[in-house]
Amino acid sequence: MVRAVRLTGAFARVPRREFVHCSGWPDRTPFTALRARRQADPGWQVHDLVTAHHAMREDPQAVAALLLGESVVRRTPRCAA
């Protein structure tokens, strides 16, 4: 089934645009270039977590702090993904 997408421009009213870069992948993360683009855009705030793909499992306190708009204390992850 194919459905048309209707763009309304509502994205412009999003109050916070935040990008969480998980930099603790065992190999290189594929999102480094996207992180650089978001960092260069003043409409975005970029956060770095030293976790792999499953940030909520590896550092739930840091993810909760980001969701609540609090500062994140940098620490090494408890487990590797």
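Each value in this text was obtained by applying a stated rule to the coordinates, not by laboratory testing. Computed from a prediction, not measured in an experiment: that's the story for all the values here. In this analysis, Cβ positions are derived from the backbone assuming ideal geometry, glycine residues included, and neighbour counts consider all displayed protein chains.
Among the trypsin sites (Lys or Arg not before Pro) in the stretch 8-72, those placed in a DSSP loop whose Cβ has at most 11 other Cβ atoms within 10 Å are R16, R28.
For the chain, a crude dipole built from +1 on the beta carbon of Lys and Arg and -1 on the beta carbon of Asp and Glu, taken about the Cα centre, is about 300 debye to the nearest 20. Of the candidates L68, L34, L49, which one comes out as most mobile in a Gaussian network treatment of the chain with C-alpha springs shorter than 10 Å? It is L68. Over the chain, with a Gaussian network built from C-alpha contacts below 10 Å, which listed residue (V50, V14, V63) shows the highest mean-square fluctuation? Result for the chain, Cα springs under 10 Å: V14 fluctuates most.
A crude spin-label estimate for the pair V72 and A33, with each label 7 Å from Cα along the Cβ direction, gives 2.3 nm.
Among E18, E58, E70, the largest mean-square fluctuation in a Gaussian network model of the chain, built with springs joining Cα atoms closer than 10 Å, belongs to E70. Go through G9, A65, F19 and say which Cα lies farthest out towards the positive end of the charge dipole of the chain; charges sit on Cβ, +1 for Lys and Arg, -1 for Asp and Glu. Positive-end residue among those listed: G9. Given R0 = 35 Å, the distance between the Cβ atoms of M56 and A4 translates into a calculated FRET efficiency of 0.55. What shape does the stretch 1-49 have by the C-alpha gyration tensor, where a ≥ b ≥ c are the square roots of the eigenvalues, rounded means a/c under 1.5, and otherwise prolate means a/b greater than b/c and oblate the rest? Oblate shape, in that a/c is at least 1.5 and b/c is the bigger or equal ratio.
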